[in-house]
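Read through the structure below, which is laid out as structure tokens, and then see the notes.
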Amino acid sequence: MLQIGDTLVSLDLAERFFCCDLDACHGECCIEGDAGAPITKNEKKELERLLPEINDELLPQAQEVIRRQGVSYVDEEGDMVTSIIDGRNCVFTCFAPGGMCQCAIEKAYRDGRVAMRKPISCYLYPLRITEYPSFTAVNYHRWKICRPAEALGRKLGLRLYQFLKEPLIQRFGKEWYDELCLACESYLEQYGNLKPCDF
């Protein structure tokens, strides 16, 4: 682990290569799993505020789920998460021609229609943040659908901490990220002959 302030960061951020390969995975992380994406209370309020802007782009089933229970629910672990369809698909999922999975929130953000890019847990994925009383843990969520991303990252020479620069800065700040970079570079300089673990 690397310690950055009161944050413990998995060595995976330095060791693993990563770059999302949407042509290979088609955005499966938005439609696979058994719970929605973790969100904060403030993010829930923002999702409710921007909903009228993106509602027409959502699937009819998603619109019905949102009418029935809202944009979020509390999962079995007690976390607030985005609502889902049929126990798996995020309600904010939409599809591009050819079946590419897209986030309706991010699509609207890129079009300049909303200020929120997406929930920070989605922006940071495949990292998962866990808050403890005395520290925050940052871990890599290993999932088979991200194998193409690891392959592309290795091809490009792009490490996980480098690929996630913008969301890490958004969540922890530029000073924290700069310290993370120094820690990762120091670790790789010392143990650079190590190969990233395979699944």
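The values are calculated or read from the model by the stated rules, or taken from the named source; none is laboratory data. Computed from a predicted model, the values in this text were never measured in an experiment. So basically every Cβ, Gly included, is an ideal-geometry build from the backbone, and we count neighbours across all protein chains shown. Just so you know, the surface numbers come from the protein's heavy atoms only, side chains and all, with ligands and any DNA or RNA stripped out. Shrake-Rupley method; radii C 1.70, N 1.55, O 1.52, S 1.80 Å.
At a glance:
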{"read-out": "Residue in the stretch 106-119 that is closer than 20 Å to S72 by Cα, open to solvent by less than 30 Å² (accessible area, probe 1.4 Å) and in contact with a strand residue (DSSP E or B) (Cβ under 6 Å, 6 or more places away or on another chain) present", "value": "no"}
{"read-out": "Condition check for A149: surrounded by 13 or more Cβ atoms within 10 Å (Cβ to Cβ), touching an Asp or Glu at 6+ places or on another chain (Cβ under 9 Å) and in a strand (DSSP E or B)", "value": "no"}
{"read-out": "Filter result (of a type outside the set (A, V, I, L, M, F, W, C) and either part of a strand (DSSP E or B) or more than 19 Å from the chain's Cα centre (by Cα) (or both)) within the stretch 46-57", "value": "E48, R49, P52, E53, N55, D56, E57"}
{"read-out": "Matching residues in the stretch 124-146 - criterion: being open to solvent by less than 30 Å² (accessible area, probe 1.4 Å) and free of Cβ contacts under 8 Å to residues at least 60 places away in the same chain", "value": "L124"}
{"read-out": "Those residues of the stretch 58-75 which are under 16 Å from C101 (Cα atoms), assigned to a helix (DSSP H, G or I) and more than 21 Å from the chain's Cα centre (by Cα), in sequence order", "value": "P60, Q61"}
{"read-out": "Cβ pairs under 6 Å, 6+ apart, first in the stretch 42-61 and under 14 Å from R117 (Cβ atoms), second part of a helix (DSSP H, G or I) and modelled with pLDDT under 95", "value": "E53/A108; I54/A104; I54/A108"}
{"read-out": "Test: residue in the stretch 82-90 that is at positive phi, surrounded by 15 or more Cβ atoms within 10 Å (Cβ to Cβ) and part of a loop (DSSP other than H, G, I, E, B)", "value": "no"}
